[in-house]
1. Do we find that residue 74 is touching a strand residue (DSSP E or B) at 6+ places or on another chain (Cβ under 9 Å), on the phi < 0 side of the Ramachandran plot and free of Cβ contacts under 8 Å to residues at least 40 places away in the same chain in this structure?
2. Which one of these is within 27 Å of residue 300 (Cβ to Cβ) and not aliphatic (A, V, I, L, M): 141, 170, 117, 97?
3. Pick out the one residue from 163, 158, 172 that is touching a strand residue (DSSP E or B) at 6+ places or on another chain (Cβ under 6 Å), among the β-branched types (Val, Ile, Thr), surrounded by fewer than 22 Cβ atoms within 10 Å (Cβ to Cβ) and in contact (Cβ under 8 Å) with a residue 60 or more places away in the chain.
4. Does residue 275 fit the bill of being within 14 Å of the chain's Cα centre (by Cα), in contact (Cβ under 8 Å) with a residue 60 or more places away in the chain and assigned to a loop (DSSP other than H, G, I, E, B)?
5. Collect the residues in the range 58-71 that are touching a strand residue (DSSP E or B) at 6+ places or on another chain (Cβ under 8 Å) and more than 20 Å from residue 275 (Cα to Cα), keeping them in residue-number order.
6. I'd like the residue in the range 90-116 that is among the β-branched types (Val, Ile, Thr) and assigned to a strand (DSSP E or B) and, out of all such residues, is surrounded by the most Cβ atoms within 10 Å (Cβ to Cβ).
7. If you take the residues in the range 214-241 that are outside any loop (DSSP other than H, G, I, E, B) and free of Cβ contacts under 8 Å to residues at least 12 places away in the same chain, which one is farthest from residue 312 (Cα to Cα)?
Amino acid sequence: MKITTANTNGYTDITLINSAGMEITLCSLGASIRDVKVPDREGVVRSVVLRPESEEMFRKKYYGKTVGRTAGRIAGAGFTVDGAAASLEVNSRGADNIHGGSAGLHCRTFDYSSETNDEYADITFEYFSPDGEGGYFGNVNIKAVYRVYENENTFVLTYCGTTDRKTLLNITNHVYLNMAGDLRDNVLDETLYINASMVGELNERLIPTHAVPVNKAFDFTVPRKIGEYIEDLSVQKNTGGYDHPYFLDGTGLDKTACRLYSEYSGICLSIATTYPCVVFYSDSTPKPGMLLAGGKTDEKYMAACFECQYHPDGIHACPDNCGVFSPEKPYFEQIKYSFTLK
């Protein structure tokens, strides 16, 4: 494994190149995925990640970042655990909290270390989130470990957390993906599979109110193109596209949660996770005029995000399985990304 580092504005980029042709660049800012490059069916190495050209925009936003302490929207920007109340920043629709607030994990600089052997390299990012940060209670030590394999185009992201008191944690990675490579086009013609027969129905503030069976516009249990029903009124309502939690029919690193494939490049990404939910976001609210890495300008539907996590508002909707953890029960969840060719 070839590993190089570069320092940028107070944080560190770590680039790993394996023997199978994958190049992944991680960043200590937000324990993030800055870029992933893999060979297409012709052997041309292409970037499959959307990210802004501007370093200032990268610092502020969620592109490729670890987000939290809670991913998604928390209704009313607050919650309680065993009588302890958290009051979070209101930064969504004038009423709720999204992705942990404007100073969440996505804009925190993590310490990092590396360890390698013949089979893989581990890049470990660590951050201490003190009691009261962002309105959350409990001192929390967070680790994001990227295990990049030497002989296959696969990496596994493991999230670990320890705390001194019972509290809530629901973290994910917010990488923007496009399997055509080098942002050749939007993702509407890419084929998607999601192993979920239930999807969250959203209210006007995009809070999931309850889970319902997928209808034809939301059903990806049989692979089909993302754009087939994206203009359906039920998909466009309140969101302008897909931005919905899918509740998986099976979990674990041995089960495919979702799969994204481009006929143009032949690149296929399979994602597996121990989390019970994947929020599928179709990049429905781009930043008009924003220059992207590679020279293109941001447009609607240029990428797809698969935010593996607990139910975004699970602390209110399903508190028995929402990311509440304690000193006796550490936090441990995994997401596996595997790139192959068809």
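Taken together, the values in this text are just the output of simple stated rules run on the coordinates, not laboratory data. This one's a predicted model, so the numbers in the text were calculated from it and none came from an experiment. FYI the Cβ positions are ideal-geometry reconstructions off the backbone, even for glycines, and counts take in every protein chain you see.
1. Spelling it out, it is not the case that residue 74 is touching a strand residue (DSSP E or B) at 6+ places or on another chain (Cβ under 9 Å), on the phi < 0 side of the Ramachandran plot and free of Cβ contacts under 8 Å to residues at least 40 places away in the same chain.
2. 97
3. Only one candidate passes the filter, namely 158.
4. So residue 275 passes the test.
5. 58, 59, 61, 63
6. Restricting to residues being among the β-branched types (Val, Ile, Thr) and assigned to a strand (DSSP E or B), the top hit is 98.
7. By that ranking, first place goes to 228.
Residues are listed down the side, and each one gets a yes or a no for (1) buried (at least 23 other Cβ atoms within 10 Å of the Cβ); (2) within 15 Å of the chain's Cα centre (by Cα); (3) under 17 Å from residue 149 (Cβ atoms):
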residue: 11; (1), (2), (3): no, no, no
residue: 30; (1), (2), (3): yes, yes, no
residue: 39; (1), (2), (3): no, no, yes
residue: 43; (1), (2), (3): no, no, no
residue: 55; (1), (2), (3): no, no, no
residue: 59; (1), (2), (3): no, no, no
residue: 63; (1), (2), (3): yes, yes, no
residue: 68; (1), (2), (3): yes, yes, no
residue: 71; (1), (2), (3): yes, yes, no
